[in-house]
1. Given the conditions (1) at pLDDT 90 or above; (2) under 16 Å from the mean Cα position of the chain (by Cα), report the number of the one that Asn286 does not fulfil.
2. Which ones in segment 73-88 are farther than 9 Å from Arg105 by Cβ and either buried (at least 22 other Cβ atoms within 10 Å of the Cβ) or of a type in the set (Ser, Thr, Tyr) (or both)?
3. Any residue at all in segment 267-285 that is in contact with a Lys or Arg (Cβ under 8 Å, 6 or more places away or on another chain), among the hydrophobic types (A, V, I, L, M, F, W, C), assigned by TED's automatic domain parsing to the domain that holds Ser160 and touching a residue at least 40 places away in the same chain (Cβ under 8 Å)?
4. In this structure, is Lys110 closer than 25 Å to Gly248 by Cα, basic (Lys, Arg), in contact (Cβ under 8 Å) with a residue 24 or more places away in the chain and not assigned by TED's automatic domain parsing to the domain that holds Pro256?
5. Among the residues in segment 113-135, are any among the charged types (D, E, K, R), assigned by TED's automatic domain parsing to the domain that holds Ile250 and surrounded by fewer than 23 Cβ atoms within 10 Å (Cβ to Cβ)?
6. Looking at segment 135-169 only, could you name the residues that are touching a Ser or Thr at 6+ places or on another chain (Cβ under 7 Å) and among the hydroxyl-bearing types (Ser, Thr, Tyr)?
7. Output yes when any residue across segment 190-208 is in contact with a His (Cβ under 6 Å, 6 or more places away or on another chain), closer than 27 Å to Asn70 by Cα and not assigned by TED's automatic domain parsing to the domain that holds Asn288, and no when none is.
8. Could you list all residues from segment 141-159 that are touching a residue at least 40 places away in the same chain (Cβ under 8 Å) and either buried (at least 23 other Cβ atoms within 10 Å of the Cβ) or over 14 Å from Val198 (Cα atoms) (or both)?
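The values are calculated or read from the model by the stated rules, or taken from the named source; none is laboratory data. Computed from a prediction, not measured in an experiment: that's the story for all the values here. Glycine also receives a Cβ, built like all others from the backbone with ideal geometry; neighbour counts cover every protein chain displayed.
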Amino acid sequence: MIRKLRGAAALLSMLVAGGAAAQSFPDRPIRLIVPYAAGGITDQVARQLTDIAAKKLGQPIVVDNRPGVNGTMGATQLVGQPADGYLLSMAPIGVFRVPHMQKTRFDPRKDFTYISMIAGYSSAVGVNADSPYKTLKDLVNAAKAPGANISYGTSGTYSSHHLAMVMLGKNTGAHWTHVPFKGDSEAITSMLGHNTQVTTVANSMVPFVQTNKIRILATFGEKRSADYPDAPTAKELGFPVVQASPFGIIAPVGVPQPVVQKLDEAFKSALDDPKFKAFASQVGLNINYRNSADYTAYAKRAFEEERETMAVAGAAAKD
């Protein structure tokens, strides 16, 4: 009986201490891992976001760049760390995709606390202004014809852009050749030089659309892209393919709910700030906020969707 009472007292003490810690959170700087190199667009987004969120929280948020492993270095670093809210990471779509390609130290279904989904990019299908393909249906029909020889460039193998075209091919029976490049600019240059017929990237084609050098046939988001408002989504056109690149903020599993709420509110406040909205518009970022509960539910769906996508792409991990 005495042992049970001691156990109950210890548990109560832990709960009280945890509640007090959550109430005073944060009382020191927070670290946010950005799994990409400094200076890139994701790094810029993180710094703009954290500058505003830090003012809401009353403590600095220090950005720590850890590039590598397809954007999953941050997720890897969170495993086994204290769940106190002082260590966070940005989580790109690779957090749900890479576990289906190779062994990882983390399982996105059970190793993280999902704080807030922030935003994302949508892939777009572009062709030269003088291309015979005026619509996505034109392109698909041409790629289904016997002897078709259509190639498309992207920023890399197993990027969201590549996988969007893989899934479109699966859903329509279209056949095309993927040409991976080291970045968006190389893929666009190849198409402008008529070495490839199609480019699938995100907002890097905007300047060429504005100068009437490239025509956007469709985008692969849930809704139309702010970058290409006149371009329909593939879904609108009757092709059930959605392949966006959302990212959010995660923490080690087990962060107390009051701390999660404080962090979530701070990041939501930053997303609503006019300064951040102006920045997002400038860089072609689609704000796509989800709170902790909705982001958690999304994570479970995304993991299974990426399993299917990667299996189709031929990159599912072999047991």
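1. The failed condition is (1).
2. Gly74, Leu78, Gly85, Tyr86, Leu88
3. Checked against the condition, which is being in contact with a Lys or Arg (Cβ under 8 Å, 6 or more places away or on another chain), among the hydrophobic types (A, V, I, L, M, F, W, C), assigned by TED's automatic domain parsing to the domain that holds Ser160 and touching a residue at least 40 places away in the same chain (Cβ under 8 Å), segment 267-285 yields no hits at all.
4. No.
5. Within segment 113-135, none of the residues are among the charged types (D, E, K, R), assigned by TED's automatic domain parsing to the domain that holds Ile250 and surrounded by fewer than 23 Cβ atoms within 10 Å (Cβ to Cβ).
6. Ser151, Tyr152, Thr154, Ser160
7. Taking every residue of segment 190-208 in turn, at least one turns out to be in contact with a His (Cβ under 6 Å, 6 or more places away or on another chain), closer than 27 Å to Asn70 by Cα and not assigned by TED's automatic domain parsing to the domain that holds Asn288.
8. Listed by number, the residues that qualify are Tyr152, Gly153, Thr154, Ser155, Tyr158.
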